[in-house]
Amino acid sequence: PRVLEMFHDIYAAFLGFAGTPLPDVVRAGAWIAPVRHAEADYFKPLRFGDPVTVEIYRAHVAETEATLGYRIARAEGGEVCVVGQVVHTWVDRATFKRISIPEPVRRALEHIAAGS
């Protein structure tokens with residue numbers, strides 16, 4: 001069950017990379033991107049404490065939401081153990097109405113979507 005937390009940790013790091021660090025987003029309060037859907041498929045067992053790498057390796061970007069594809073692999077050897085996806089929908093924090101993905105985040109997502 002910890003893989004969803006791992007996905008979130010990498011998502012938070014990604015937002016920082018995109019120029020919108022999650023603590024700043026929460027403090028500013030203009031928008032949020034709640035999870036609409038999350039899933040994970042397990043291919044190989046992981047044990048507590050196993051060193052792993054977690055990455056966002058795919059993105060599908062729409063006007064108000066994005067689907068992020070994640071991969072968790074063993075740090076040594078790179079064997080893929082888990083893949084998953086999380087769908088985030090961007091909304092105005094005050095009204096909870098959908099909004100366009102903020103531009104710095106959109107640019108970073110499109111970079112992933114392009115396979116760069």
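Details
- Seen from residue 73, the other residues with C-beta closer than 13 Å to its C-beta sum to a net charge of -1, counting Lys and Arg as +1 and Asp and Glu as -1.
- Put a dot 7 Å past the Cα of residue 44, heading toward its Cβ, do the same for residue 12, and the two dots end up 2.7 nm apart.
- Accessible-area composition of the chain, carbon plus sulfur, in percent [1.4 Å probe]: 55
- The helix-only estimate of mean residue ellipticity at 222 nm for the chain, built from DSSP H runs of length n ≥ 4 each weighted as -39500 (n - 2.57), is -8500 deg cm²/dmol after division by the residue total.
- Trypsin sites (Lys or Arg not before Pro) restricted to DSSP loop in the stretch 7-79 with at most 11 other C-beta within 10 Å: 47
- Contour minus Cα-Cα distance for residue 24 and residue 110 (0.36 nm per residue): 28.8 nm
- Rounded accessible area of residue 92 (nearest 10 Å², 1.4 Å probe): 50
- Degrees separating the helix 103-113 axis from the principal Cα axis of the chain, which is the longest one: 30
- The chymotrypsin sites (Phe, Trp or Tyr not before Pro) found in the stretch 23-58 that occupy coil by DSSP, while having at most 16 further C-beta atoms within 10 Å, are 43, 48.
- Computed over protein heavy atoms with a 1.4 angstrom probe, the accessible surface ordering of 46, 4, 15, largest first, is 4, 46, 15.
- Surface/4 of the Cα convex hull for the stretch 34-116, nm²: 6.6
- For the chain, a crude dipole built from +1 on the beta carbon of Lys and Arg and -1 on the beta carbon of Asp and Glu, taken about the Cα centre, is about 180 debye to the nearest 20.
- In degrees, nearest ten, helix 3-17 long axis to first principal axis of the chain (Cα): 50
The values are calculated or read from the model by the stated rules, or taken from the named source; none is laboratory data. Predicted model only: the values in this text are computed from it and were never measured. Positions of Cβ are backbone-derived with ideal geometry, glycine not excepted, and every protein chain shown enters the neighbour counts. Side chains included, ligands, DNA and RNA excluded: accessible areas come from the protein's heavy atoms. Shrake-Rupley method; radii C 1.70, N 1.55, O 1.52, S 1.80 Å.
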